[in-house]
Amino acid sequence: MEYIIIIILNFISCSILIANGTLFKTLFNFNQQNDLIENGLYGLILVSLLTFTFNFFFEISKKLNLFLFFFPFFLIFKKIYLLRKEILKKSILISLISSLIMLLENSNRPDAGLYHLPFINIINDSKLIFGSANLEFRFGHTSILQYLAAGFNNIIFTEKGISIPLANIFAFTTIYIFNMYNRNESVLKVIFFLFLFNILYSMNRYSGFGNDDPAHIFFYLVFCNFLLFIKDKHDDYKKNIIFFSTFVFLIKPFLILVFLIPLYLFISKEIKLFSKTNIFCSIIIILWFIKNIFISSCIIYPEPKLCFKSLKWSTLNSEVSNPSRVKRTSEAWAKDWPNKKKNISQEDYIKDFNWLNTWKENHFKIVINEILPQVLIILVIIFIFPYERQAFKISRKDSLIIFIFSFVCAALWFLKFPIYRYGQSYIILLLISIFILTLNFKFRILNKNYNFINKFLSSILIILSIGIISKNLIRIYKNYNNLYVDYPWPKINSYTINNDKNKNIKVYSNNGKFLYYKPSPYTLCMSSASPCTSNSGVKNIKLSEFYGYKVYYYD
């Protein structure tokens, strides 16, 4: 019965997201308002932004969530009623995909246990907490996805609903890019295929969905819409570029270079500076920076130059959450610090490419293994691609711009945080940009049947889809009889086989004032009473209140 409930809740989720996204696109005067899959993506964005904004002033409780989640549906009900049959079809498809990949799955390890789930609990239990990064430094770089997940904890979905959005994101985005692939021909069709290939091949596990995969997927959506804009110059594509770029940044600030795409369009006079879309996104980004300052005392944590020491809750006063320390340690670990072979400080290790040999011997092999299928499929396509003079192609100027953009992105990744999961979209885009350049600068014209490559690409997508479906069905079959707490929902309570819940231990100050929870009996907070921190280094922290807001600080 619980299996049916998950499918039904996913269906409700998809239907409401499509309705919310339809309202969002109506408010911003999109011309194409009946692309229901795209509407679902905007529904995800709207729920995220509503939850984020309201959390400045309120805890995102189950009752408030019910209002935030369903109220936009009633504002657009008349239009939704006219589209009911199409919404029904799309919601059934998306809900089946979402349910398939999330049934009997684990949550993302270890990040979900360290800060994704604990921060979601904070959002649901409290309005914004000043200095919460002093409890757990990872709270300083949480994602808009945590606000999105918190928005699904309502009376209907219960607290288990926080597991639904990640599955919905995968389903909506893959269908969205597939539709782009299906509607286009020639070069665009192949490029959309390459993006879809990477998602289906490399990002198909629910337990692997953290903040990284959704950010990379939305990065692909930005670039896909950029290519469509080059082709058609449609205003909707410009809006998609701006909204999706903003969402990418809110998911993962490291992908900030995504803003180079709308910046290029602005320099090219394709985008007006003071458009309704730009103003709205600018306000959201400013609010995000304000939220960052309230949580960590930094505009972007953990960049020390963007932090304020004068604030009472400044992380610069913390030994564990100090931005300089966190930035140095994070960069060292991304450069394979655990596998170093000589005694060297982190500060010296990350300087002057002292890390390069260690990285080449270890993580570089992982990068090669991850991108090898993409490289091979690109090489195969280059040799069989039929060049058509009359078909749409990307100009040499645009090809070079795309290459330069992707090269700058990949260079930043390599120099600062060369761990594959951080820079996957940068790397894949670089490979695709090389492919585009190759098509533009190759010297021979291939006269082959275009239907051949259509069948070739479609066959690969069918094989990948069958593989994903089979893998998940086999996983569900193998784990069907392994009952656990909250079976068959994804495990969010602990990493134990039984998904047992943490009871947590209250930590008090010297004068007996409750401060926070420490996870117990399991070492990570996961989804449990908040505020909770798994960081054993938190000591001598203090808590005060300011106009009803909690403030965690160090003297």
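The values are calculated or read from the model by the stated rules, or taken from the named source; none is laboratory data. Only a predicted model underlies this, so the values are computations on that prediction, with no experimental measurement involved. Because the Cβ atoms are built from the backbone with ideal geometry, glycine has one as well, and the counts that use them run over all protein chains shown. In case anyone asks, the SASA skips ligands and DNA or RNA and just uses the protein heavy atoms, side chains included. Shrake-Rupley method; radii C 1.70, N 1.55, O 1.52, S 1.80 Å.
Once the piece of chain linking Lys312 and Leu356 is laid out straight, how much longer is it, given 0.36 nm per residue of separation minus the C-alpha distance between them?
Working: separation 44, 0.36 × 44 = 15.84 nm, distance 3.94 nm.
11.9 nm is the gain from fully extending Lys312 to Leu356.
Which values of log₁₀ I(q)/I(0), to two decimal places, follow from the Debye formula for the range 238-396 at q = 0.09, 0.11, 0.14, 0.18 Å⁻¹ with a uniform point scatterer at every Cα?
So the normalised log intensities work out to -0.54, -0.76, -1.03, -1.13.
Rank by packing, highest mean first: peptides 544-550, 115-121, 264-270, 139-145, with packing defined as the count of other Cβ atoms within 10 Å averaged across residues.
Values: 544-550: 11.4, 115-121: 27.0, 264-270: 13.1, 139-145: 24.0.
Top of the packing list down: 115-121, 139-145, 264-270, 544-550.
In Å and whole numbers, how far do the C-alpha atoms of the range 343-437 stretch along each principal axis, longest first?
Its Cα atoms span 61, 25, 17 Å along the three principal axes.
Taking loop as defined by DSSP and a crowding limit of 10 other beta carbons within 10 Å, which chymotrypsin sites (Phe, Trp or Tyr not before Pro) in the range 320-388 fit? Mind showing how you got there, number by number?
Working: sites: Trp333, Tyr349, Phe353, Trp355, Trp359, Phe364, Phe383, Tyr387; in loops: Phe353, Trp355, Tyr387.
Here the chymotrypsin sites (Phe, Trp or Tyr not before Pro) that fit, given the DSSP loop and packing criteria, are Phe353.
To check my understanding: the extent here is largest minus smallest coordinate of the Cα atoms along each principal axis. What are those three numbers for the range 107-184, in Å, largest first?
Principal axes ranked by extent give 50, 29, 22 Å for the Cα atoms.
At q = 0.12, 0.15, 0.18 Å⁻¹, what base-10 log of I(q)/I(0) does the Debye formula yield for the range 148-304 when every alpha carbon is treated as an equal point scatterer in vacuo?
So the normalised log intensities work out to -0.61, -0.93, -1.22.
At 1.4 Å probe size, with no ligands or nucleic acids counted, give the accessible surface of Leu64 in Å², nearest ten.
40
Using r as the Cβ-Cβ distance of Phe414 and Ser207, and R0 as 25 Å, what FRET efficiency do you calculate, to the nearest 0.05?
Details: r = 27 Å, r/R0 = 1.10.
Between Phe414 and Ser207 the formula returns 0.35.
So how tilted is helix 186-202 from the main axis of the chain? Cα-based, degrees 0 to 90, rounded to 10.
Around 30 degrees separate the two axes.
Once you have the Kirkwood Rh of the range 144-188 from its Cα pairs, apply Stokes-Einstein at 4 °C and 1.567 mPa s and quote D in µm²/s. Walk me through the numbers before you get to the answer.
Numbers: Rh = 12.2 Å.
Translational D for this selection: 106 µm²/s.
Principal axis extents for the range 179-259, Cα atoms only, whole Å, descending order, please.
Computed over the range 179-259, the largest-to-smallest principal extents equal 36, 26, 17 Å.
What number results when the radius of gyration of the range 1-156, computed over Cα atoms, is divided by 2.2 N^0.38 Å?
Values: Rg = 16.4 Å, N = 156, 2.2 N^0.38 = 15.0 Å.
Ratio of Cα Rg to 2.2 N^0.38 Å: 1.09.
Please report the carbon-and-sulfur percent of the accessible area for the chain; probe 1.4 Å, protein heavy atoms only, DNA, RNA and ligands left out. Write down the numbers at each step before the final one.
On the way: 15060 of 24050 Å².
Ligands and nucleic acids excluded, carbon and sulfur give 63 percent.
For the chain, report the accessible area per residue in Å² (1.4 Å probe, heavy atoms, rounded to an integer).
On the way: 24050 Å² over 555 residues.
Roughly 43 Å² per residue, with all protein chains present.
Using a simple spin-label model with points 7 Å from Cα along the Cα→Cβ vector, what separation in nm is obtained for Asn29 and Glu185?
Placing both labels 7 Å along Cα→Cβ, they lie 3.4 nm apart.
Just need the Rg to Rh number for the range 1-40, please, alpha carbons only, Kirkwood Rh. Mind dumping the intermediate values first?
Details: Rg = 12.7 Å, Rh = 10.8 Å.
Here the Rg-to-Rh quotient is 1.18.
To the nearest 10 degrees, how steep is helix 164-183 against the longest Cα principal axis of the chain, on a 0 to 90 scale?
Roughly 10 degrees, rounded to the nearest 10.
With the cut-off at 13 Å, report for the range 474-526 the share of all Cα pairs above it, as a whole percent.
Working: 885 of 1378 pairs.
Roughly 64 percent, once rounded to a whole number.
The range 64-97 to the range 139-157: how many Å between their Cα centroids?
About 20 Å separates the Cα centre of the range 64-97 from the one of the range 139-157.
Let me check I have the definition right: for the range 411-555, take the eigenvalues of the Cα gyration tensor, multiply each by 5, take square roots. What are those semi-axes in whole Å, largest first? Before the final figure, lay out the partial values.
Details: eigenvalues 514, 153, 26 Å².
They are 51, 28, 11 Å, listed largest first.
Students sometimes get this wrong: rank Phe195, Phe514 by accessible area, probe 1.4 Å, all chains present, largest first. Walk me through the numbers before you get to the answer.
Values: Phe195 0, Phe514 60 Å².
Ranking Phe195, Phe514 by accessible area, largest first, yields Phe514, Phe195.
Taking only Cα atoms, what is the 0 to 90° angle, nearest 10, from helix 2-27's long axis to the longest principal axis of the chain?
Relative to the chain, helix 2-27 is tipped by roughly 70 degrees.
Every cysteine in the chain with no other Cys Cβ under 4.7 Å from its Cβ, please list them in numeric order.
Cys14, Cys224, Cys281, Cys409
When the solvent-accessible surface of protein heavy atoms is calculated with a 1.4 angstrom probe, in what order do Arg328, Arg475, Arg183 fall, highest first? Working shown, then result.
Values: Arg328 85, Arg475 40, Arg183 155 Å².
My answer, sorted largest first, is Arg183, Arg328, Arg475.
Grab the beta carbon distance between Leu96 and Phe58, set R0 = 45 Å, and tell me the FRET efficiency rounded to 0.05. Mind dumping the intermediate values first?
Details: r = 34 Å, r/R0 = 0.77.
The value I calculate is 0.85.
In a Debye calculation with equal point scatterers on the alpha-carbon sites of the chain and no solvent, what is log10 I(q)/I(0) at q = 0.07, 0.08 Å⁻¹?
Evaluating at q = 0.07, 0.08 Å⁻¹ gives log10 I(q)/I(0) of -0.41, -0.54.
List every residue whose amide H lies under 5 Å from the amide H of Cys525, counting only residues 5 or more places away in sequence or on a different chain, with H placed 1.01 Å from N in the peptide plane.
Result for Cys525 returns Ser534.
Residues of the range 508-528 with the amide nitrogen closer than 17 Å to a label point 7 Å from the Cα of Thr496, along Cα-to-Cβ, please.
Taking a point 7 Å out along Cα→Cβ of Thr496, the residues of the range 508-528 whose backbone N falls under 17 Å are 518-528.
Using a Förster distance of 56 angstrom, determine the FRET efficiency expected from the C-beta separation of Leu400 and Phe546, and round it to 0.05. Walk me through the numbers before you get to the answer.
Working: r = 53 Å, r/R0 = 0.95.
That gives a FRET efficiency of 0.60.
How do Asp352, Asp500 stack up against each other in accessible area, from largest to smallest, with a 1.4 angstrom probe? Don't skip to the end; give the middle numbers.
Values: Asp352 135, Asp500 45 Å².
In descending accessible area the options line up as Asp352, Asp500.
How many angstrom separate the Cα center of the range 159-204 from the Cα center of the range 448-504?
Distance between centres, Cα-based: 15 Å.
State to the nearest 20 debye the size of the charge dipole of the chain about its Cα centre, where the only charges are +1 on K and R beta carbons and -1 on D and E beta carbons. Don't skip to the end; give the middle numbers.
Working: 60 positive and 32 negative charges, 89 e Å.
Charge dipole, the chain, about its Cα centre: 420 debye, nearest 20.
For the range 247-303, what does the convex hull of the Cα positions come to per residue, in cubic angstrom? Intermediate values should be presented prior to the final figure.
On the way: hull volume 4.7 nm³, N = 57.
Measuring per residue, one finds 82 Å³ for the Cα hull of the range 247-303.
Restricting attention to the alpha-carbon atoms of the range 203-244, what are Rg (one decimal) and Dmax (integer), both in Å?
12.6, 38
What is the sum of charges around Ile230, taking Lys and Arg as +1, Asp and Glu as -1, for the other residues whose C-beta is under 13 Å from the C-beta of Ile230? Don't skip to the answer; put the middle values down first.
Working: positive: Lys231, Lys233, Lys238, Lys393, Arg396, Lys397; negative: Asp232, Glu270, Asp398.
Taking every Cβ under 13 Å from that of Ile230, the sum is +3.
Roll a 1.4 Å probe over the protein heavy atoms and report the accessible area of Thr329 in Å², nearest 10.
Counting only protein heavy atoms, Thr329 exposes about 30 Å² to solvent.
So what's the projected area for the range 312-384, the Cα convex hull averaged over all directions, in nm²? Provide the component values of the computation, followed by the final result.
On the way: hull surface 30.6 nm².
Over all viewing directions, the range 312-384 projects a mean Cα-hull area of 7.7 nm².
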